[in-house]
Amino acid sequence: QVLLVESGGGLVQPGESLSLSCAVSGRFFSIYTRGWYHQAPGKQRDLVASINSTTINYADSVKGRFTVSGDNAKTTVYLQINSLKPEDTAVYYCYAHIATSQWLSKRDDYWGQGTQVTVSS
């Protein structure tokens with residue numbers, strides 16, 4: 001079993017910042033792509049940012065304000081959120097693409113439970 005546990009969400013005012021983190025635990029062999037998605041009320045779940053061995057990607061709506069990073073062991077992924085706007089209000093989900101056995105071609109997607117970010121004055 002693989003578990004992704006998120007933390008760092010909360011209520012902030014516009015222009016302020018938050019730091020989200022996600023810890024990956026359990027039985028796994030390798031972690032590949034990691035990232036964050038968010039889902040606002042009444043909206044679909046959309047990519048916020050992702051990282052892998054070659055590429056870092058950001059949604060246009062967050063580029064320049066959000067920064068995704070991870071530790072060398074790939075067991076933690078972070079999202080630094082600056083200059084928050086009311087439209088950033090959403091549940092933020094941690095994501096990882098993981099091989100859980102020595103057969104590295106056997107990879108699955110895993111998700112965190114989500115953490116609420118609310119931006120309001």
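What the table below lists for this structure:
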quantity	calculated
Subset of segment 4-27 (residues that are in contact with a strand residue (DSSP E or B) (Cβ under 7 Å, 6 or more places away or on another chain), within 15 Å of Phe66 (Cα to Cα) and either among the hydroxyl-bearing types (Ser, Thr, Tyr) or not in a strand (DSSP E or B) (or both))	Gly8, Gly9, Pro14, Ser17, Ser19, Ser21
Candidate set from segment 38-63 (those that are closer than 17 Å to Thr76 by Cβ and among the hydroxyl-bearing types (Ser, Thr, Tyr)); member that is surrounded by the most Cβ atoms within 10 Å (Cβ to Cβ)	Ser50
Unmet criterion (only one of (1) at pLDDT below 95; (2) among the polar types (S, T, N, Q); (3) touching a Ser or Thr at 6+ places or on another chain (Cβ under 9 Å)) for Gln80	(1)
Filter result for Glu16 (in contact (Cβ under 8 Å) with a residue 60 or more places away in the chain, acidic (Asp, Glu) and surrounded by fewer than 17 Cβ atoms within 10 Å (Cβ to Cβ))	yes
Positions within segment 68-90 being open to solvent by 30 Å² or more (accessible area, probe 1.4 Å), in a strand (DSSP E or B) and in contact (Cβ under 8 Å) with a residue 60 or more places away in the chain, in sequence order	Gln80
Residue tally, condition part of a loop (DSSP other than H, G, I, E, B), open to solvent by 40 Å² or more (accessible area, probe 1.4 Å) and more than 13 Å from Gly10 (Cα to Cα), over segment 96-120	7
Residues being without any contact (Cβ under 8 Å) to a residue 60 or more places away in the chain and touching a helix residue (DSSP H, G or I) at 6+ places or on another chain (Cβ under 7 Å) - total across segment 99-119	0
Sole exception among (1) assigned to a strand (DSSP E or B); (2) over 13 Å from the mean Cα position of the chain (by Cα) for Tyr93, by number	(2)
Single condition Gly70 does not satisfy, out of (1) at pLDDT 95 or above; (2) touching a strand residue (DSSP E or B) at 6+ places or on another chain (Cβ under 9 Å); (3) not basic (Lys, Arg)	(1)
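The values are calculated or read from the model by the stated rules, or taken from the named source; none is laboratory data. Because the structure is predicted, anything quoted here is derived from the model rather than measured. Counting neighbours? That spans all protein chains shown, and the Cβs are built from the backbone with ideal geometry, glycine included. Ligands, DNA and RNA are stripped out before the accessible areas are found, and what is left, the full protein with its side chains, is counted by its heavy atoms. Shrake-Rupley method; radii C 1.70, N 1.55, O 1.52, S 1.80 Å.
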